[in-house]
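Reviewing the structure listed below.
The values are calculated or read from the model by the stated rules, or taken from the named source; none is laboratory data. Computed from a prediction, not measured in an experiment: that's the story for all the values here. Cβ coordinates were reconstructed from backbone atoms using ideal geometry, including for glycine residues, and neighbour counts include every protein chain displayed. Areas reflect the complete protein model, heavy atoms only, side chains present, ligands, DNA and RNA absent. Shrake-Rupley method; radii C 1.70, N 1.55, O 1.52, S 1.80 Å.
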Amino acid sequence: MKSILLPITLTGLVFSTIAISNTAQATEGLSANVGATSNYLWRGLEQTNGSAAISGGIDYEDSSGFYAGTWVSNADWANNDMSYELDLYGGYSADINDSLSYDVGFIYYAYPDETTGDADFSEVYASVTFEALTLGVAVLTSGEGADVGDTIYASADYSFALANDADITLHLGSYSGDWLSEDSIDYGVSFNKSGFTLGASATDLDGAAGDIKAYIAYSIDIDL
């Protein structure tokens, strides 16, 4: 599930999963990204049972601020046959001034070969970025047996710029709602430079602390 402030800006769309993709923009607005991570995490939860993941995506961004894209990765988190995840998303982002920007949109998470057919779900999301701080929220809009607004994910990310175009990003997220079996809080830290990400993440489920999960990721950008 790709990172929404993305976390979308789509920065993403993470990963916050977390092979962070530094998507490059072509003159016509088309860009692509390819990434790999030792452990695909989404909101602190493993999406490949602790195994590595390879992903790729294509995005289009208009000069007006509207964007749309698709992203795919191997995934295996259900108790049924599942081999990959396919995300479709679109939205609008804009700068209010030199320090403040926002992003709003919709994302659909699909698992085409999942055997029960009820793993797919969708969300609307919004984020506001003030300098190095991004605050975001994602609200469930569809899911098997769910109503609109049954779950809400709120998050905060703060980046510290380092020398040589590197940065350290701190993350805190809260997932709650009737559609989940357990509410959760996830937190993490990552070091990012030149397409490489080295990070650690942990998730507390209903107040019980989880194990710390470390990962390393790398992504490349492609002009189309």
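Might you let me know whether the stretch 129-148 holds any residue that is assigned to a loop (DSSP other than H, G, I, E, B) and open to solvent by less than 30 Å² (accessible area, probe 1.4 Å)?
The answer is yes; a qualifying residue exists.
With respect to residue 115, determine if the residue is open to solvent by 60 Å² or more (accessible area, probe 1.4 Å) and either out of contact with any strand residue (DSSP E or B) (no Cβ under 6 Å at 6 or more places or on another chain) or at pLDDT 95 or above (or both).
Values: open to solvent by 60 Å² or more (accessible area, probe 1.4 Å): yes; either out of contact with any strand residue (DSSP E or B) (no Cβ under 6 Å at 6 or more places or on another chain) or at pLDDT 95 or above (or both): yes.
Considered against the rule, which asks whether it is open to solvent by 60 Å² or more (accessible area, probe 1.4 Å) and either out of contact with any strand residue (DSSP E or B) (no Cβ under 6 Å at 6 or more places or on another chain) or at pLDDT 95 or above (or both), residue 115 comes out as yes.
Could you grab me the full set of residues in the stretch 26-44 that are within 19 Å of residue 185 (Cα to Cα) and out of contact with any strand residue (DSSP E or B) (no Cβ under 6 Å at 6 or more places or on another chain)?
42
Please work out which residue is most open to solvent (accessible area, probe 1.4 Å), limiting yourself to the stretch 166-224 and to residues that are assigned to a strand (DSSP E or B) and acidic (Asp, Glu).
Among those that are assigned to a strand (DSSP E or B) and acidic (Asp, Glu), it is 223.
If I ask for residues that are in a strand (DSSP E or B) and open to solvent by 40 Å² or more (accessible area, probe 1.4 Å), which ones from the stretch 118-128 would you list?
Result: 124, 128.
For the stretch 81-111, what are the residues that are surrounded by fewer than 13 Cβ atoms within 10 Å (Cβ to Cβ) and not in a strand (DSSP E or B)?
Of all residues in the stretch 81-111, those surrounded by fewer than 13 Cβ atoms within 10 Å (Cβ to Cβ) come to 81, 83, 94-100.
Within the stretch 81-111, 81, 83, 96, 97, 98, 99 qualify.
Take the stretch 32-74 and flag every residue that is open to solvent by less than 50 Å² (accessible area, probe 1.4 Å), farther than 19 Å from residue 205 by Cβ and either of a type in the set (Phe, Trp, Tyr) or at pLDDT below 95 (or both).
Correct list: 67, 71.
If we keep just the residues of the stretch 195-224 that are within 22 Å of residue 55 (Cα to Cα) and of a type in the set (Val, Ile, Thr), which is nearest to the chain's Cα centre (by Cα)?
Ranking the qualifying residues of the stretch 195-224, first place goes to 197.
Testing residue 20 on (1) more than 18 Å from residue 93 (Cα to Cα); (2) of a type outside the set (S, T, N, Q); (3) modelled with pLDDT of 55 or more, one condition comes back false. Which one is that?
The failed condition is (3).
So which residues in the stretch 162-190 are modelled with pLDDT of 95 or more and acidic (Asp, Glu), if there are any at all?
167, 186, listed by residue number.
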